[in-house]
1. Considering only residues that are touching a strand residue (DSSP E or B) at 6+ places or on another chain (Cβ under 8 Å) and more than 20 Å from residue 262 (Cβ to Cβ), look in the range 216-230 and name the one that is surrounded by the fewest Cβ atoms within 10 Å (Cβ to Cβ).
2. What is the residue count in the range 30-44 for residues that are assigned to a helix (DSSP H, G or I) and exposed (fewer than 12 other Cβ atoms within 10 Å of the Cβ)?
3. Here is a check on your reading of the model: is residue 203 farther than 21 Å from residue 256 by Cβ, surrounded by 19 or more Cβ atoms within 10 Å (Cβ to Cβ) and assigned by TED's automatic domain parsing to the domain that holds residue 247?
4. Mind checking whether some residue in the range 194-201 is modelled with pLDDT under 95 and touching a strand residue (DSSP E or B) at 6+ places or on another chain (Cβ under 7 Å)?
5. Which one of these is closer than 30 Å to residue 267 by Cβ, surrounded by fewer than 12 Cβ atoms within 10 Å (Cβ to Cβ) and not assigned by TED's automatic domain parsing to the domain that holds residue 230: 66, 104?
6. Looking at the range 206-215, which of the residues that are exposed (fewer than 14 other Cβ atoms within 10 Å of the Cβ) and in contact (Cβ under 8 Å) with a residue 24 or more places away in the chain is farthest from residue 133 (Cα to Cα)?
7. Among the residues of the range 202-257, how many are farther than 20 Å from residue 268 by Cβ and not in a helix (DSSP H, G or I)?
8. Considering only residues that are part of a helix (DSSP H, G or I) and over 10 Å from residue 257 (Cα atoms), which ones fall in the range 148-177?
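The values are calculated or read from the model by the stated rules, or taken from the named source; none is laboratory data. The shown structure was predicted, so the numbers you read here are calculated from the model rather than taken from an experiment. Note: ideal-geometry Cβ built from the backbone for every residue, glycine included; neighbour counts use all protein chains shown.
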């Protein structure tokens, strides 16, 4: 429904004069008449009695006004509140991260943002690595710091805050552990870690490609329940795992990280629900973009 029709109806019901209604709404009087006629067609009957001397509401018009006016007032108040919230940069900003995306880049972003945005403190929350977007969609966090491998219609990918070099996690006793580097083509020669189905497919494919650069299929182990189970299987030498540098959970004496060549660095950045975007999120994205413009990010 066109809200202009409702505005005209409610003002005309108050003024009972087409000329004054047009002046009050700053509309041409013929447009006021057209909007009233259109609403009457929508309502299924006349809403006003019109004579040369006066305008008055019909019983149908009175009934519509009684039911419509409070609901429309609430609707306008809701949108006013939404616009006010979207403009507001004060208040806390909740940033989520996973066990693999925490680190210096996040700390630097938060410090820079809080320094430049007084009155907007940051609250950090750890998100579930097995279902990283759940907290965003539930509204528990405002922004997620995660790998920018996104194919979700309701989410927006913002600026990158870091680019992580690719590494291969293997057991300390694995034949590849003593190598200076491993080529991406070699991933097809071993069984790789598999992820649970709750992890978005685009994210899985970015971390563990479905095939090598030449097209050889990369075998993924049947889904593991969690990151700790995956680390245990890597440490036992049963699986290898393409990953990135500086993953805290893989810093173990029984796991070795070997540089993995042939895959581009993986971008780490901001993700948020498109429908939840507000001034605080835009301010954080602007801070991240300014860091990148200063040349602080190495893209490999």
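1. Out of the qualifying residues, it is 221.
2. Counting residues in the range 30-44 that are assigned to a helix (DSSP H, G or I) and exposed (fewer than 12 other Cβ atoms within 10 Å of the Cβ) gives 3.
3. Yes; evaluated as a whole, the condition is true for this residue.
4. yes
5. It is 104.
6. Step by step, filter the range 206-215, then rank; the result is 214.
7. Looking only at that region, the number is 27.
8. 175
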